[in-house]
Amino acid sequence: GRAQALRKSMKTFFEEQNIGNNAIEIDCISFEDNVEEVVGSANVIVTCTNTKTPLFNWDWVQPGCHINGVGSYLSDSEEVCSKFIKERCSTIVDTIEALNVGDLREISDQSIDGSFEGLLGDVLSGESAL
């Protein structure tokens, strides 16, 4: 269905761009997939939803996995588990205001646990180091 078409389209795009010498494997989770297996083997997870509950059990995520969570812009959004972010993530945001909503609401720019690393612009410009 739709997931298969998206997989094929993304694979074609990466092959045409010669990204990663065609060694990149793209998976889009669909209802037919074993979600725990896909999430547990992922090196990168990208989420973009407006869900109010975490998308899956975030304990399945392997250490070192890179996560782009871009959908939690409302106060009650939580596609990535807030507890997971606070306990297991180094967090970089595009604006300080992003820390007041969604799945980032439990961390702050004054975080004593070290989970907040800084603003994306500062990291990209070299003003802030990871």
- Quick one: if the Förster radius is 25 Å, what FRET efficiency do ASP122 and GLU37 give, using the C-beta to C-beta distance and rounding to 0.05? 0.10
- Message: So if each residue of separation counts as 0.36 nm, and I subtract the Cα-Cα distance between GLU97 and HIS66, what length gain in nm does that give?
- Response: 9.0 nm
- Roughly how many Å² of SER75 are accessible to a 1.4 Å probe, to the nearest 10? 80
- Query: Got a sec to turn the phi values of region 93-99 into Karplus ³J(HN,Hα) couplings, 6.51 cos²θ - 1.76 cosθ + 1.60 with θ = phi - 60°, whole Hz, x for Gly and Pro?
  - Reply: 10, 7, 9, 4, 4, 4, 6
- Message: Explain nothing, just compute: Karplus ³J(HN,Hα) = 6.51 cos²θ - 1.76 cosθ + 1.60, θ = phi - 60°, for every residue of region 44-56 in order, whole Hz, x for Gly and Pro.
- Response: 9, 10, 10, 10, 8, 9, 10, 5, 9, 10, x, 5, 7
- Item | Alpha carbon convex hull of region 48-93, volume per residue in cubic angstrom | 78
- Note on the structure: Regression test value, accessible area per residue of region 49-130, probe 1.4 Å, units Å², expected 61
- Note on the structure: Which residues qualify? For ILE92, with a placed amide H closer than 5 Å and at least 5 residues away or on another chain, they are GLU117
- Query: Which three extents, in whole angstrom, do the alpha-carbon atoms of region 33-130 cover along their principal axes, largest first?
  - Reply: 41, 27, 22
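Rank these residues by their accessible area, most exposed first, probe 1.4 Å: CYS48, CYS65.
Numbers: CYS48 100, CYS65 25 Å².
Accessible-area ranking of CYS48, CYS65, largest first: CYS48, CYS65.
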- Once amide H atoms are built 1.01 Å from N in the peptide plane, which residues 5 or more positions from ILE45, or in another chain, come under 5 Å H to H? HIS66, ILE67, ASN68
- Top to bottom by accessible area (1.4 Å), largest first, where do GLU117, GLU79 land? GLU117, GLU79
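The values are calculated or read from the model by the stated rules, or taken from the named source; none is laboratory data. Please read all numbers here as calculations on a predicted model, not as lab measurements. Counting neighbours? That spans all protein chains shown, and the Cβs are built from the backbone with ideal geometry, glycine included. These accessible areas exclude ligands, DNA and RNA; they are computed on the full protein's heavy atoms, side chains included. Shrake-Rupley method; radii C 1.70, N 1.55, O 1.52, S 1.80 Å.
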